[in-house]
Each structure stands twice: as C-alpha cells, then as structure tokens.
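Only the coordinates and a few stated rules stand behind these numbers; no lab work does. If you're wondering where the values come from, they're calculated on a predicted model, not measured in any experiment. A quick note on method: Cβ atoms are made from the backbone with ideal geometry, for glycine too, and the neighbour counts reach across all protein chains shown.
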Amino acid sequence: MSAERAAKGGAQVDSDRLTGVIGSDAPLPNVAAGPPASPKDVVAAVRASRRTFQGTRRRVMSLVALGALWFVASLFFTDSVLPGPASVFAALWGNLQEGDTYVHLYKTILRVVAGMAIAVIVGLIIGLIMGLSKFGEEFLDSWVMVAFTVPSVVYGILAILWFGLNDFAAIIAIGVTAIPAVAINIWQGVKAIDISLVHMGKAFHLSRASILRKVVVPQLVPYILAALRYALGTAWKIATVVELIGLSSGVGYQLNYWFGLFNMTQVLAWTIAFTIVLLAIEFFILKPVEKWLTRWRPSVQG
Amino acid sequence: MSDSYLLIDDVKKEFQREGDTPLRVIDGLTVHVENGALLSILGPSGCGKSTLLNIINGLDDVTSGRIVINGTEIGVKSRSAVKIGVIFQEPRLLNWRTVRDNVRLPLDEMKIPRAEANERVDRYLDLVGLAEFGDYYPLRLSGGMRQRVSLARGLAIEPDLLLADEPFSALDEITARKLRLELVRIWQATGRTIVFVTHNIREAVFLSTRMLVVTARPCTTHLDLPIDIPHPRLPEDDRLFEIEKQVTRDFMRMEEASA
C-alpha cells in the first residue's frame with residue numbers, strides 16, 4: 001500500500017497535460033492515476049522502496065560505526081571505567097533473563113507515560129490559551145519561560161520534598177518539567193494557523209465545532225507531534241533523575257544501585273536497555289503516526 | 001422589478017470607528033440581477049467589494065437596505081436559508097485532505113447522505129475536469145488545478161448563488177484564460193447565477209452577461225452595463241474589445257476624478 005502511495009507521489013502530476021485540453025472536446029489523457037500502472041509508476045515505486053532500504057542501511061551503518069569506536073576505546077581502559085560492548089551486552093542479556101528487569105523498565109515507562117500525559121494535556125491547554133488570547137499570552141508567557149529555565153532536578157527535589165518518595169512525586173516532577181516545552185510548541189502552532197482557511201470555513205457556514213475540529217486542529221498536528229517527541233526525551237531524563245534521588249524502583253534506581261557498586265558494565269547495560277525502549281517508541285509508534293498524519297505533504301528531501 | 005433573482009436594494013454599510021464618524025463603505029447600492037446571470041463587479045481596490053460579498057453571504061449585516069436572494073431576505077440570522085458557494089482568490093483547500101474530501105467538506109456540514117454526497121463530489125470533479133484526481137492531495141496539484149478543486153467545492157453544494165472573489169487573479173494568464181472558458185462552460189451547463197468580482201476589465205467583459213462598475217469608497221454604482229454578446233464568446237471578438245476600451249476609458253476617468 002505504501003508503495004502504491006509512493007508511486008503516486010513519485011509521479012508528479014503534469015498540470016500542462018491536463019490544462020492543455022481545456023476548451024477542446026478532447027478526452028482527458030490518462031495521467032498516472034490508479035491502475036493500470038504505467039512504467040513510470042513502477043519505476044517510482046521501486047525507487048521509493050529502494051530509498052526505504054537505503055535509509056535502514058545507513059542507520060545500521062552508523063550503529064556499527066559507533067560500536068566499533070566504543071570497542072576500540074574500551075581497549076584502552078579498565079572495565080570499571082569503560083567496559084567493552086561485549087561485556088555490556090552480555091550483562092544486558094543476563095538482565096533480560098530476570099523478571100525483575102521488566103518490572104523496573106515497566107515502572108519507569110509508566111512514570112514517563114503518566115508524566116507525559118499530564119504535560120501534553122496541561123501544555124496543550126496553556127498553549128491554546130496563550131495562542132488564542134492576547135490576555136492569556138501576556139499573563140502567562142513570562143511564567144512559561146521561567147518554568148522552562150528552571151533545572152529539572154529542582155522539580156524533582158521539590159516534588160519529593162512535598163509529596164514524599166513515591167510514584168506521584170515522580171509523575172508530577174516529570175509532568176511539570178515537560179509542560180513548558182509542550183506549551184511553547186502549541187502556542188507557536190496556534191500563531192501559525194492559516195486564518196484564511198478559517199474564513200473559508202465561515203464562508204461555507206461550517207459550525208464553530210467543525211472549524212475547530214476540521215480546520216484548526218489538523219494545522220496543530222505537526223506542533224503536537226514535535227511537542228510529544230520533546231516531552232518524551234525530557235520525561236525519561238527527569239524520570240531517571242527522580243528515581244535516582246529517592247525511589248526504590250525503576251531504571252534510575254538501578255543506575256544508582258550499580259553506580260554505588262562502581263559497576264560500570266551494569267550502568268551502561270541499563271542505559272542501553274532503556275534507550276532501546278525509547279527507540280522502539282520512536283520507530284514503532286511516533287514515526288508511523290507522524291508519517292500517517294503528514295502523508296499529504298510532499299517530502300522536502302531529495 | 002420583483003422578478004429579480006438577486007436583489008441588492010439600496011444597501012448601505014457603515015463600520016463604527018472609535019472616537020470618529022462611522023466609516024461608510026457602501027452607500028446606497030442598488031442592483032437587480034436576473035436568474036442565471038453572470039454578473040461581474042468591477043471596482044478600484046478597497047472599494048468595499050469584499051464587504052459586499054460578506055453581506056451577500058450572510059456573514060455581515062447591512063446598516064440599511066436589504067438583500068434578497070430568490071425571495072429570501074438575507075441576514076446573519078437567516079444565512080442558512082440560502083445556499084451560497086464561494087471561490088476565493090486563493091484555492092484555500094485543506095492540504096491534509098484529499099481533493100475528494102475537500103469537495104465533500106461543505107456537503108458533510110449540510111448533513112447530505114453519504115451516497116448522495118459521494119455521487120455529487122464525483123460529478124462536480126468530473127465537471128471541472130479532475131475526475132481522476134479525487135485521491136490526490138492538493139499539494140501534488142498545480143495552482144490551476146487547485147483552483148478547479150475550489151470551483152468544484154463551491155459548485156457541489158448546488159448553490160443558489162455562486163460568489164467568486166477574483167478567483168483567477170493569482171494565476172498566470174494562460175491558465176486563467178483556460179479557466180475562464182471553463183467557467184463559462186460550467187455556468188452554461190449548470191445555469192447557476194454567478195457574482196464575479198474582479199479587477200480585470202477584459203476578464204469582466206469576456207465573462208459577464210452584465211457588468212457593474214462601482215466607485216471607490218463609499219461604493220455606489222458608477223455604470224451598470226449589459227453585455228449582450230451571446231456565449232460562447234471568442235476571447236478575440238472585436239465587439240468585446242470595443243466594450244473593453246470604452247469601459248477602460250470610463251474607468252480611468254472615474255479614477256482621475258476621485259483622485
């Protein structure tokens with residue numbers, strides 16, 4: 001299906017061929033639409049699938065290069081400073097055999113997702129208020145900027161002081177850390193809305209709800225996605241920090257534990273474990289969703 | 001003249017200004033438009049044509065006077081009583097929807113049953129020569145094709161009146177010329193009444209059955225000129241050139257008088 005879509009995208013519509021027949025009674029030429037596929041379509045499809053394959057190959061190449069660099073570097077240090085890839089992945093593999101590992105990963109993911117949910121909901125509301133109302137903008141903008149500047153560790157410490165050593169504190173800290181970035185993104189998104197499309201909706205007598213749902217929100221999608229991605233990156237960093245400061249579960253707790261034992265191999269193994277989880281979220285959830293939501297936009301990359 | 005399809009009856013429009021006298025944009029404009037006419041409105045920039053279109057579309061109220069379409073008086077409150085299709089200077093399509101879904105947009109709002117809406121979308125896309133492009137996204141199309149989609153969207157609601165606000169002025173001349181011929185063909189095929197705002201005298205003369213030249217702000221009728229040359233017309237018709245020259249001369253005199 002994606003190949004077919006890519007094929008249509010690849011074969012740019014030739015407007016002259018269409019407009020060339022206006023005013024005469026000649027039938028429209030069959031311009032690369034639908035089956036039967038013209039040779040041009042097939043070439044474009046092949047090219048598109050090749051491009052995807054090439055993308056994967058380049059990513060694998062860059063991973064291998066990093067691994068090689070790591071391996072060479074590790075030859076110059078002891079295991080307590082920089083263990084090699086082999087021992088780290090062996091430790092990671094060992095961890096994956098234990099049920100406990102999944103509990104810790106799950107705990108952290110839960111906190112990250114809950115914190116992100118708070119950040120996205122609150123950030124969206126703040127961003128919309130700032131974008132839609134001049135008063136809201138002037139009332140809130142300096143606070144959002146201040147909140148954006150405060151180091152996330154401060155939110156972690158405050159949350160633990162106020163709410164104790166529990167999940168709630170972690171989730172609040174994560175949420176509060178990520179809110180300003182989400183709000184700023186949405187705020188900018190609302191400002192970039194094409195008002196002439198809203199006028200079009202009014203001219204066709206669309207209801208306010210329809211205009212919001214069909215005209216305004218779709219224009220915010222790219223900004224919401226960017227906010228989500230940023231929130232995910234921030235959320236997991238602050239999650240580990242809070243876990244490290246004061247919780248007895250999660251990836252941060254494990255990092256702290258192994259750091260206490262000066263076991264660099266396990267520290268790296270846990271870091272990699274969670275990085276893999278984040279990459280999985282990026283490649284199996286965020287990217288496909290983004291691709292689907294922005295399928296209408298011709299790619300800017302050659 | 002009770003047989004007018006569109007009646008603009010002594011319409012005045014003022015905008016309140018803070019600490020100043022109200023700004024009078026339209027000052028007693030009266031026009032009777034017969035059913036199936038292609039009326040073009042020609043006037044200097046900023047003469048209140050957009051305001052007039054908004055009023056006809058029920059998005060704004062008159063200060064005094066009235067506008068009647070097919071027996072229904074138009075106002076912000078009664079706006080759903082009459083169906084009005086609009087084409088803008090730019091296509092104003094939702095780029096994240098396919099061509100088909102763009103044309104469907106107003107139909108869904110009118111709660112037209114799915115099967116009928118689908119049939120209409122296909123019919124009007126076919127009419128504007130885009131039958132094969134229903135599944136395309138607008139950004140894959142050329143400017144002229146996007147404006148055709150916009151035309152299909154305006155027609156698919158089967159409007160009582162089609163308002164066109166300088167729809168071809170942002171296109172290159174060759175494309176605009178083809179679309180003008182296209183518009184005349186579609187107008188003849190559908191029999192709709194069209195109000196066509198333009199800055200282009202040649203375009204107005206070529207298209208319309210009637211031409212309304214209005215003055216700069218406040219907007220009043222300067223010239224109400226029927227163009228009786230039967231359609232389909234040839235763009236190079238000498239009679240059209242004669243009218244164009246005459247209107248241009250008159251238009252320039254009006255501009256100089258107001259300057």
query: What angle do you read, to the nearest 10 degrees and between 0 and 90, between the alpha-carbon axis of helix B:114-127 and the longest principal axis of chain B?
result: 70
field: Loop chymotrypsin sites (Phe, Trp or Tyr not before Pro), the range A:56-100, which have at most 15 other Cβ atoms in a 10 Å radius of their Cβ (DSSP)
entry: A:F76, A:F77
task: Measure off 7 Å from each Cα along the Cα-to-Cβ vector at A:V289 and A:S248, then give the distance between these two points in nanometres to one decimal.
output: 3.4
query: Roughly speaking, what is the centre-to-centre gap between the range B:198-234 and the range A:61-135 when only Cα atoms are used, to the nearest Å?
result: 68
task: Using the structure shown, list the pairs from A:K291/B:K178; A:K134/A:K287; A:K191/A:K291; A:K107/A:K287 with a Cα-Cα distance above 26 Å, or answer none.
output: A:K291/B:K178; A:K134/A:K287
task: Would you calculate a helix-derived [θ] at 222 nm for the protein assembly as shown, using -39,500 (n - 2.57) for each DSSP H run of n ≥ 4 and dividing by the full residue count, to the nearest 500?
output: -18500 deg cm²/dmol
- prompt: What longest range of chain B stays clear of loop-exposed trypsin sites (Lys or Arg not before Pro) (DSSP non-H/G/I/E/B, at most 13 other C-beta within 10 angstrom)?
  reply: B:112-259
message: Tell me the relative contact order for chain B as a rounded percent, counting alpha carbon contacts under 8 Å between residues six or more apart.
response: 25
task: Count neighbours as other Cβ atoms within 10 Å of each site's Cβ, and list the GluC sites (Glu not before Pro) in the range B:185-259 that are DSSP loop with at most 15 such neighbours.
output: B:E236
query: How large are Rg and Dmax for chain B when only the alpha carbon atoms are used, in Å?
result: 18.5, 56
task: Provide a whole-number value for the mean count of partner chain Cβ atoms within 10 Å of the Cβ atoms in peptide A:204-216.
output: 4
task: List the relative contact order of the range A:77-213 as a percent without decimals, with contacts defined as Cα pairs under 8 Å and 6+ residues apart.
output: 31
statement: At q = 0.21, 0.22, 0.23 1/Å the base-10 log of I(q)/I(0) from the Debye formula over the alpha-carbon atoms of the range A:115-243 is -1.11, -1.18, -1.24
